[in-house]
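Structure record follows, encoded as structure tokens.
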Amino acid sequence: MNKTVPQDLVVADGIIAMEGFGPIQGKPVDLGLIITGRNPVTVDAACCHIMDFNPYAVEPLWKAHQQGMAELDAEKINFLGENLDNVKRKFVLPTYSRENLVQALKTEMQIRLSR
């Protein structure tokens, strides 16, 4: 889709991010960021770097990079505003750990009880 429909502006809301089993059953993270750019794949790669994920390990991003659609290397991405090192933090991966499963159950119960 990104090859067919060019994007003028891509906005990723990182004011309250989600780690673990996001986007619904994860743990909220007060990140306080809005990430913008003109290339959706590079914006996703920037988000990966902020969350301390390797964007080359995210298959759709890697495939887009191989096709020349985007840059994934943090050294080659032009970050404006905040310095990457100042906003980068380690996010919990969406794995089946005890902590993630407990958080997912808590979130699911909150959703069901609020209905």
Report summary line: Those residues of segment 1-24 that are touching a helix residue (DSSP H, G or I) at 6+ places or on another chain (Cβ under 8 Å) and either without any contact (Cβ under 8 Å) to a residue 12 or more places away in the chain or in a loop (DSSP other than H, G, I, E, B) (or both) come to a total of 5
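May I ask you to list the residues in segment 76-98 that are among the charged types (D, E, K, R) and under 23 Å from Gly32 (Cβ atoms)?
Taking segment 76-98 and keeping what is among the charged types (D, E, K, R), we get 76, 82, 85, 88-90, 98.
Matches in segment 76-98: Glu82, Asp85, Lys88, Arg89, Lys90.
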Report task. Could you please give the count of residues in segment 25-40 that are surrounded by fewer than 19 Cβ atoms within 10 Å (Cβ to Cβ) and among the polar types (S, T, N, Q)? Result -> 2
Requested in this report: Just give me the residues in segment 76-100 being touching a residue at least 24 places away in the same chain (Cβ under 8 Å) and outside any loop (DSSP other than H, G, I, E, B), in sequence order.
Outcome: Leu84, Val87, Glu99, Asn100
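Inside segment 1-24, can you point out the residues that are surrounded by 15 or more Cβ atoms within 10 Å (Cβ to Cβ) and not small (Gly, Ala, Ser)?
Within segment 1-24, the first condition is being surrounded by 15 or more Cβ atoms within 10 Å (Cβ to Cβ), and the residues that meet it are 2, 10, 12, 14, 17-22.
The answer is Asn2, Val10, Met18, Glu19, Phe21.
Since every read-out is calculated from the coordinates, none of them should be taken as a lab result. Small disclaimer: the values here were computed from a predicted structure and weren't measured. Positions of Cβ are backbone-derived with ideal geometry, glycine not excepted, and every protein chain shown enters the neighbour counts.
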